[in-house]
Amino acid sequence: MQQYTYPPYRQYLSQPVVTKDAIRKNTQSKLRKRCTAIGFYALTYMATMIALSTGITLILTQLNINITETLKQFSDTFISVGSAFIPGILFMAAIGFKPREAFGKTSVGFTTLLPLVLMGMAVAMMSNIASSIFESNLSLFGLQNHAGYTESDAYSPLDIILTLISGAIVPAFAEEFAFRGLIMGSLKKYGRAFAVIGSSILFSALHANTTQIVFTFPVALVFGYIDMVTDSIIPSIILHFMNNFYAFLLTIFSTNNNLDSNFVFTVQLVIILLFVISGLLSFIYLVKSKKLSFDLSDKENHSEPGANLLTMKNKMCAFLVNPGVMIALSAFLLITILNFFPVS
């Protein structure tokens, strides 16, 4: 009688069960690492700006070159571009982020772009008023903001053009690329609302100026929101330029001795009212026409696996509690406090 030989017994090892809590913790850890890189990028952005400004001044002084208004504008342009792109290239290489992802779409429909820009400028005008009220009331607490505001003394036609380029056009492109393009863009896969808030915090803190923080934070929220719903940084670049151009015009008018102060105030008031009214009408138009959704929920489908398990609290904790952002915000806070003390 032939005996049947049974195959050897295979011992099956049970596969570890990956719980939602484990996925959530792993995703939050990955987000914290990314936010660390973002924090150090913001820090090196300011450090590069200070280093370039100091270095150029020292070089020109050593060479006994007089720093004319024209030379100053060329210097400011170089500093704006260098501070955004030199650390930016390193940041993109570190996290594997592509420039194409930073810019998003290269075109936005005019019938959508125009009302969004007008709506954004309305918020910018109201934020300007809020920051002016805040600054005027600082003295009630015995405080004075000594952050440097540079105004040109000579305005030749060439100086005006160069000031417009260095003070309005170049910063609009460089800063939007850095904060709405790189920072907000690299956070977007973890949640759109979270990305807007996180990038706005760093953008306003980087200005290291209490008066500007009151202005820049709400403006950054709106700029980020508009970029997010259009999937392009083109709207915020236009908005940033228009706001800088508005400030540039006011500087020209206020420093012109031939213009009466009441006339300058009237012009400013008319511009503010026009933007606020047109912004309100634009908002109504966009809502009525349903050209875009005003919902920016943080619970939509995320491109990062596991991000849907993170609450806004989890995300903000990862954003704020990491070495990069903590060091950057501490440095910005220190400079903000030092700006209350006059430089002798």
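The values are calculated or read from the model by the stated rules, or taken from the named source; none is laboratory data. Model, not experiment: these values are computed from the prediction. Methodologically, a virtual Cβ is constructed for each residue, glycine included, from the backbone with ideal geometry; neighbour enumeration extends over all protein chains shown. Just the protein is used for accessible areas: all its heavy atoms, side chains included, with ligands, DNA and RNA removed. Shrake-Rupley method; radii C 1.70, N 1.55, O 1.52, S 1.80 Å.
What per residue convex hull volume, in Å³, comes out for the chain when only alpha-carbon positions are used?
Roughly 214 Å³ of hull volume per residue.
May I ask you to derive the relative contact order of segment 196-281, considering only C-alpha pairs under 8 Å and at least 6 residues apart, and to give it as an integer percent?
18
Please list, ordered by chain and number, the residues whose modelled amide H lies under 5 Å from the amide H of PHE340; skip anything fewer than 5 residues away on the same chain.
HIS146
Could you pull the Rg and Dmax for segment 132-241, using just the Cα atoms, both in Å?
Cα-based Rg and Dmax for segment 132-241 come out at 16.1, 49 Å.
So, with a 1.4 angstrom probe, what is the percent of accessible area on segment 55-115 that is carbon and sulfur?
Carbon and sulfur: 70 percent of the exposed surface of segment 55-115.
Once the convex hull of the alpha carbons of segment 57-149 is built, what does its volume come to per residue, in cubic angstrom?
In segment 57-149, the Cα hull volume divided by residue count equals 219 Å³.
Explain nothing, just the number: dipole magnitude of the chain about its Cα centre with +1 on each Lys and Arg Cβ and -1 on each Asp and Glu Cβ, in debye rounded to the nearest 20.
Dipole about the Cα centre, nearest 20: 1900 debye.
Using a Gaussian network model of the chain with C-alpha springs under 10 Å, which one of VAL325, VAL264, VAL276 is most mobile by mean-square fluctuation?
The residue that fluctuates most here is VAL264.
Work out the charge dipole of the chain with +1 on the Cβ of Lys and Arg and -1 on the Cβ of Asp and Glu about the Cα centre, then indicate which of MET46, GLY142, SER289 is farthest towards its positive end.
SER289
Percent of Cα-Cα pairs per 10 Å bin, from 0 to the last occupied bin, for segment 218-337, please list those.
10, 24, 29, 24, 11, 3, 0
Charges on Cβ only, +1 for Lys and Arg, -1 for Asp and Glu, centred on the Cα centroid of segment 163-236; of PHE194, ALA205, VAL219, which one is farthest towards the dipole's positive end?
Of the listed residues, the answer is PHE194.
Is it possible to state the helix-based mean residue ellipticity at 222 nm for the chain, with each DSSP H run of 4+ residues giving -39500 (n - 2.57), the sum divided by total residues, to the nearest 500 deg cm²/dmol? What is it?
-23000 deg cm²/dmol
What lysines does LYS290 reach when the alpha-carbon gap must be under 23 Å and sequence neighbours fewer than 8 apart in one chain are set aside?
The reachable lysines, counting only those whose Cα sits under 23 Å from LYS290, are LYS105, LYS299.
Binning every alpha carbon pair distance of segment 173-212 at 10 Å from zero, what are the percents per bin?
Histogram of Cα-Cα distances, whole percents per bin: 33, 51, 16, 1.
For the chain, modelled as a Gaussian network with Cα springs under 10 Å, which listed residue fluctuates most, LEU31, LEU116, LEU269?
Result: LEU269 has the largest fluctuation of those listed.
Kindly report the accessible area of the chain per residue (heavy atoms of protein chains, probe 1.4 Å, no ligands, DNA or RNA), in Å².
56
Picking from TYR285, TYR41, TYR246, which is most flexible by a Gaussian network model of the chain using Cα springs under 10 Å?
Highest fluctuation of the listed residues: TYR285.
So how much accessible area does PHE85 have, in Å² to the nearest 10, using a 1.4 Å probe?
Approximately 50 Å² of PHE85 is accessible to the 1.4 Å probe.
Whose amide H sits under 5 Å from the amide H of SER232, counting only residues 5 or more places off or on another chain, with H placed in the peptide plane?
Here the answer is LYS105, since their amide H atoms fall under 5 Å of that of SER232.
Out of residues 5 or more away from GLU304 or on other chains, whose amide H comes under 5 Å of its own, with H placed 1.01 Å from N in the peptide plane?
none
I want the local charge near SER80. Using Cβ-Cβ distances under 13 Å, sum +1 for each Lys or Arg and -1 for each Asp or Glu among the other residues.
-2
What does the charge dipole of segment 80-176 about its Cα centre add up to, to the nearest 20 debye, if the Cβ of each Lys and Arg holds +1 and the Cβ of each Asp and Glu holds -1?
480
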